[in-house]
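This report refers to the structure that appears directly beneath it.
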Amino acid sequence: MILTPLDHATLDRLAADFNRALADDPLSCRVFARVTAQRPTGDLLTLSTDPDQLAQAVDLCRRFGFGILDMAPSDHFTWDGHSVAIRIEPSVLVHEVGHYQLAAPARRKVYDFGLGAGPETGRKEEADAVQSLFLPERDVEEGLCSLLGILWEAELGHPAVLAFLEQNWMEGGASLHNVAHFRKVVRWLAEMGLIDGDGRPTMGVREEGDETFFARWYAEG
C-alpha cells in the first residue's frame, strides 16, 4: 500500500528530482524513464483493475510456462508451485512473474516461492509452513522482484508508475539512501541478465542458490 498518497503534481516534482539524482547513471535513468513513461489518466493514483491489462498479464504468465488457475488466491495460494491464481489486479499478477524470475531454483516449486504466505493467499498456514527465506533476505529479494515486475508492466504498456508508488519506491524521494537502493537493484538486475542495456525485462531466471546469492549481495554493501 502507498504509505504517503500523492497527487499528479507532487508525483511530477518527485519524479523530476529522482531523475536528476540518477543523472550520472545512464542505465538507472533508462529504467526510471520506462517506469514513468505511462501515466494514469484519472485523478486517483491507485492500481488498475482493467480486464485487458489482466489478460495481458495472464499471457505473460503463460510465456513463462505458468499453469493458470481461474480463481482468487484467497481460495488457494497465489502461487502453488506450478500455477498462479489470476483473479487479482494485473499489477499483482505481473509481480508474481518477478517472484518466479528472482526465486532460487528450488523455491520455484514451493508455495508462494518459499517466502511465506503472500497478502492475497488464503491457505496461509500451509504457505507459512514451507517458508525457507526470512528477513532480511526476503526483503532483498522482494525489492528485486518488485522493480522487475514494474518493468514488465512498463513493457506491457501499463501505467507502471502506479505499482512503483504502491510498492513505495518513491517514499524516500530522492534521498541518498533511496537513490542508492534503486541504483543497486538496477545494477543487480542487469548483472543477472534480467534486464537488458535499455532497461527492458528479459525472460531470464535466477540460477543461483540462496546462500551464495545473498552472501554476494551483502558483500557488495
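The values are calculated or read from the model by the stated rules, or taken from the named source; none is laboratory data. Note that the coordinates shown come from a computational prediction; the quantities given were computed from them, not determined experimentally. FYI the Cβ positions are ideal-geometry reconstructions off the backbone, even for glycines, and counts take in every protein chain you see. Please note that ligands, DNA and RNA were not included when accessible areas were found on the heavy atoms of the full protein model with its side chains. Shrake-Rupley method; radii C 1.70, N 1.55, O 1.52, S 1.80 Å.
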Practice item. Calculate one ³J(HN,Hα) per residue across segment 183-198 by plugging θ = phi - 60° into the Karplus curve 6.51 cos²θ - 1.76 cosθ + 1.60, and present them in order as whole Hz with x for glycine and proline. Key: 4, 5, 4, 4, 4, 5, 4, 5, 5, 7, x, 8, 9, 9, x, 9
Practice item. With a point put 7 Å past each Cα toward its Cβ, work out how far THR49 is from ARG187 in nm, to one decimal. Key: 4.2
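Please report the carbon-and-sulfur percent of the accessible area for segment 8-220; probe 1.4 Å, protein heavy atoms only, DNA, RNA and ligands left out.
Solvent-exposed carbon and sulfur of segment 8-220 make up 52 percent of the total.
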Exercise for review: Let me know the whole percent of all Cα-Cα pairs from the chain that are separated by more than 22 Å.
Suggested key: 49
Review point. Under the rule of -39500 (n - 2.57) per DSSP H run of 4 or more residues, summed and divided by the residues of the chain, what mean residue ellipticity at 222 nm is obtained, to the nearest 500 deg cm²/dmol?
Key: -15500 deg cm²/dmol
Review point. Sequence-distant or interchain residues sharing an amide H contact under 5 Å with ILE68, placed H: which?
Key: VAL84
Revision key, fill the gap. HN-Hα couplings for segment 148-153 via Karplus (6.51, -1.76, 1.60; θ = phi - 60°), in whole Hz with x for Gly/Pro, come out as 5, x, 4, 5, 5, 4
Check your understanding: Arranged from highest to lowest average of other beta-carbon atoms within 10 Å per residue, in what order do the peptides 164-170, 191-197 appear?
Key -> 164-170, 191-197
Check your understanding: Tally Lys/Arg at +1 and Asp/Glu at -1 over every other residue whose Cβ is under 11 Å from the Cβ of ALA174; what's the total?
Key -> +1
Practice item. With r as the distance between the Cβ atoms of ALA37 and ALA72 and R0 = 35 Å, compute the FRET efficiency 1/(1 + (r/R0)^6) and round to 0.05. Key: 0.70
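Can you tell me the length gained on complete extension of the stretch ASP17 to ARG62, counting 0.36 nm per residue apart and subtracting the Cα distance?
12.4 nm
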Exercise for review: Order the peptides 111-118, 205-212 from the highest to the lowest mean number of other Cβ atoms within 10 Å of their residues.
Suggested key: 111-118, 205-212
Exercise for review: Determine ³J(HN,Hα), in whole Hz, for all residues of segment 51-61 in sequence, where each value follows from phi through the Karplus function 6.51 cos²θ - 1.76 cosθ + 1.60 and θ = phi - 60°; x replaces Gly and Pro.
Suggested key: x, 5, 5, 5, 4, 5, 5, 4, 4, 4, 4
